[in-house]
Amino acid sequence: MTVGTPDVVQLRRLLFGKDYDELLALKEQFEQSDKYSASVANIISEALTLRGSQDNSLSDALAPTIENALTQSICNNPKRFADVLYPVMGPAIRKSINQALSEALETLNQVLENSLSLRSWKWRFDAWRSGQTYAKVALLNTLVYQVEQVFLIHRESGLLLQHVASPHAISKDPAMVSGMLTAIQDFIADSFAVNQTDTLRTLSLGELTVLLEHGPHAVLAMVVRGTVPADLPNLLMETAANIHRQYAPAFKAFNGNTEAFTATENLLADCLKSQQQHVQKRPPWLALLVLLSLVGAASYLLYQHYQQLAQQEAEAKQAQQQVLQTLNERLRELQTHTSELQNSVTTLSDQQRQQLRQQTQQAQQLTTAAQTISKLTQQIEASTYPFEAGKADVGLDDPMLLQLGKTIRELIQAAHQTGKTPQILIAGNADDSGTNDINQKLAELRAENLRDALVRGGVPAFAVVAYSAKQAGQPATLQKNERSTSYRVTLF
Amino acid sequence: MIQKKICLLGSFSVGKTSLISRYVNSLFSEKYLTTVGVKIDKKQLTHDGNELSLIIWDIAGEDDFTNIRTAYLRGMAGYIIVIDGTRQNSYDVALSIHEMVKQHVGELPMVFALNKADLKPHWQVDGQHIRPLEQFGYPVLETSAKLDNGVADIFLALIKQWGSNHD
Ligand SMILES: Nc1nc2c(ncn2[C@@H]2O[C@H](COP(=O)(O)OP(=O)(O)OP(=O)(O)O)[C@@H](O)[C@H]2O)c(=O)[nH]1
Ligand SMILES: [Mg+2]
């Protein structure tokens, strides 16, 4: 496109020559957007690469646009994104589930381990003493450090722009804390007449450290429990710089409305770092020792207790036994007495019985003996020996004589049992034929012969006496008018 | 949510801490515990349908106004100067402080509080003192932290100024 009348054009040509056409072409390129685009298109990638290598401003500049574009694109066609992301999401989800599971296991392990260690009892005691939960005390003790809170504070007013805290942190109203943190800095800066550009960088109290990073518009404060690692201040510095870069306009426009800083939460949350102590896995010897000694002490006390009981029991038993023994002894004594008595009674009765028996026996013997004696006496007194007329001869082997001898011996024996001695009177008789003298002599002879025959037959001589029945003074019962001998038994 | 930093200024023992304690915690104590340095409280309220959070800085009163640490005043959205009606001196201190703040921080919404209104028979501050205050163009209100009279009003008077002039 050319400008001006043909004359002027000609004049310009004369003045600028060929360069004029080139200038016109260049001008046309800027004015016609399609041509301009075409020329930018030639260099845009190179330009982006070049700027990207120089600083981060490109990412900061593009981020909102890209974010918006992505959001819109996902809203318009979610399926396409799902399809694209599918190969990435699957493994990512699996990985995160695995990690969650293994973390849960590790936590369980630690809980089990801690619940048995001596340390854990100390923690329990501390928790009880300080009124905190056991979980918190345990966590605090196993931590090397933990960033408990992060404050984003408006530098000028001390107003709180954003605040994040770890789950276990105890925090007063962060808006007031934010104000006090600012007031403290003001107080120190004012009190010690330091260089105006100097700022308070750390506060520390016991286990707590507050790290402060001052930017032109905001202060980033980090409350750390434990030993602050070297890289933490760097993280704080980077985060502060990042926030200042991203929120510069918001800071300038700040009038108390904190909504503009809601999105800083993610950046602050990235600062909530913590590191746990590497707890060595070893058997809980101390806990076991304590447990064992407790059990030992308990069993010793129990043992002693039972021992005492047993002793008491034994003593009681002994006492009982003693009583029993004395009782037994007494009983035994009594028994001996009784048995002695019984014995004496028995012996007494035995003796009596024996005596009685003897007496009875004697009586019986006497009775039987008396019976035998009387029987034998009858037999003897009943027996006769028939002599021939006028004669006085006695046949020694006459059965009647033998029988008589035997009976007499029996009588002597029986009479002996009664302590007596029998005497048998043998009276000789003669019949009336003959003279008195002859008859008397004959009777005498007959008795003497019989006596001799009996003695010879074994009858003791002292037991038999012979005489004539015809002799004067003799009982009439013995005088018989016959040629015989009669007998009469007398016991002395 | 809108947050605002405000400061309570004034001579010692005029009742700054008592007014805040009454406003924030509804408490009052006859006991005087002087404030050392600064103490910060927070009061949340809704004003004109907006959530508002007042961060109230209770600054120790000192009679030599130059001793008030100007650093504490940085970033405040307004302030309340408290005068003890029973003490003429606290009125003079109030005027000095007002001047000092204007110099160091500039014109800001503010309120004058004439405290201990329950002791009015003993007041040393009267109409002749009050009129010059009113001429500054800021609200001048009587309060009693003890009886809870006009306490919320001084804070409200400050809040209203943000609604009209500033923001
Ligand atoms: N009768 C009465 N006494 C009050 C009132 N307000 C405060 N007081 C009393 O005045 C004394 C001082 O009150 P503070 O609130 O501590 O005063 P302050 O201004 O904070 O003092 P500094 O902290 O030293 O600057 C206390 O004994 C309060 O009980 C009031 O409205 N009426
Ligand atoms: Mg006070």
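The values are calculated or read from the model by the stated rules, or taken from the named source; none is laboratory data. Not measured: the values here are computed from a predicted model. When we count neighbours, we look across all protein chains shown, and the Cβ atoms used for this are built from the backbone with ideal geometry, even at glycine. Surface accessibility is based on the protein's heavy atoms, side chains included, excluding ligands, DNA and RNA. Shrake-Rupley method; radii C 1.70, N 1.55, O 1.52, S 1.80 Å.
With all protein chains kept in place, the per residue accessible area of the range B:103-161 amounts to 51 square angstrom at a probe of 1.4 angstrom. Expressed as a whole percent, the accessible area of the protein assembly as shown that falls on carbon and sulfur atoms is 56 (1.4 Å probe). Rounded to the nearest 500, the 222 nm mean residue ellipticity of the protein assembly as shown from helices alone is -19000 deg cm²/dmol, with -39,500 (n - 2.57) taken per DSSP H run of at least 4 residues. Count Lys and Arg as plus one, Asp and Glu as minus one, and take only other residues whose Cβ is under 13 Å from that of B:Lys42; the net charge is then +1. Taken residue by residue and averaged, Cβ atoms of other chains lying within 10 Å of the Cβ of B:46-54 number 1. Accessible surface buried at the B:A interface totals approximately 1800 Å², computed with a 1.4 Å probe on protein heavy atoms.
Screening chain A for DSSP H helices whose Cα atoms reach 24 Å or more along their own axis and whose mean Kyte hydropathy is at least -0.5 gives A:33-54, A:57-76, A:78-116, A:174-191, A:231-252, A:399-417.
With bins 10 Å wide beginning at 0, the percent of Cα pairs of the range A:143-276 falling in each bin runs 12, 46, 34, 7, 0. Which of the residue pairs B:Lys5/B:Lys116; A:Lys252/B:Lys16; B:Lys102/B:Lys146; A:Lys122/A:Lys273; A:Lys172/B:Lys4; A:Lys172/B:Lys160 have a Cα-Cα distance greater than 23 Å in the structure shown? From the list (B:Lys5/B:Lys116; A:Lys252/B:Lys16; B:Lys102/B:Lys146; A:Lys122/A:Lys273; A:Lys172/B:Lys4; A:Lys172/B:Lys160), the Cα-Cα distance tops 23 Å for B:Lys5/B:Lys116; A:Lys252/B:Lys16; B:Lys102/B:Lys146; A:Lys122/A:Lys273; A:Lys172/B:Lys160.
For the protein assembly as shown, the gyration tensor built on C-alpha atoms gives a prolate shape. Its axis ratio a/c (a ≥ b ≥ c) is at least 1.5, and a/b is the larger of a/b and b/c.
Which shape class applies to the range A:301-411: rounded if a/c is under 1.5, otherwise prolate when a/b exceeds b/c and oblate if not, where a ≥ b ≥ c are the square roots of the Cα gyration tensor eigenvalues? Here the range A:301-411 falls in the prolate category.
Rounded to the nearest angstrom and listed largest first, the equivalent-ellipsoid semi-axes of the range A:383-491 from its Cα gyration tensor are 24, 16, 10. Taking 0.36 nm per residue of sequence separation and removing the Cα-Cα distance, the A:Met237/A:Asn436 pair yields an extension gain of 52.0 nm. Computed over neighbours whose Cβ is under 13 Å from that of A:His416, the net charge equals +1, Lys and Arg +1, Asp and Glu -1.
Listed by chain and number, the lysines whose C-alpha is less than 18 Å from the C-alpha of A:Lys391, apart from same-chain residues fewer than 8 away, are A:Lys441, A:Lys470, A:Lys480. Both radii come from the Cα set of the range B:48-164: Rg as radius of gyration, Rh as Kirkwood radius; their ratio Rg/Rh reads 0.95. Ranking A:Ile184, B:Ile130 from most to least accessible surface, computed with a 1.4 Å probe over the protein chains only, gives A:Ile184, B:Ile130. Packing order of peptides B:74-83, A:244-253, A:400-409, highest average first: B:74-83, A:400-409, A:244-253 (average count of other Cβ atoms within 10 Å over each peptide's residues). Hydrodynamic radius of the range B:97-167 by the Kirkwood approach over all distinct alpha-carbon pairs: 13.4 Å. Is the shape of the range A:363-439 best called rounded, prolate or oblate, per the rule: a/c under 1.5 gives rounded, else a/b larger than b/c gives prolate, else oblate, with a ≥ b ≥ c the square roots of the Cα gyration tensor eigenvalues? Since a/c reaches 1.5 and a/b is larger than b/c, the shape of the range A:363-439 is classed as prolate.
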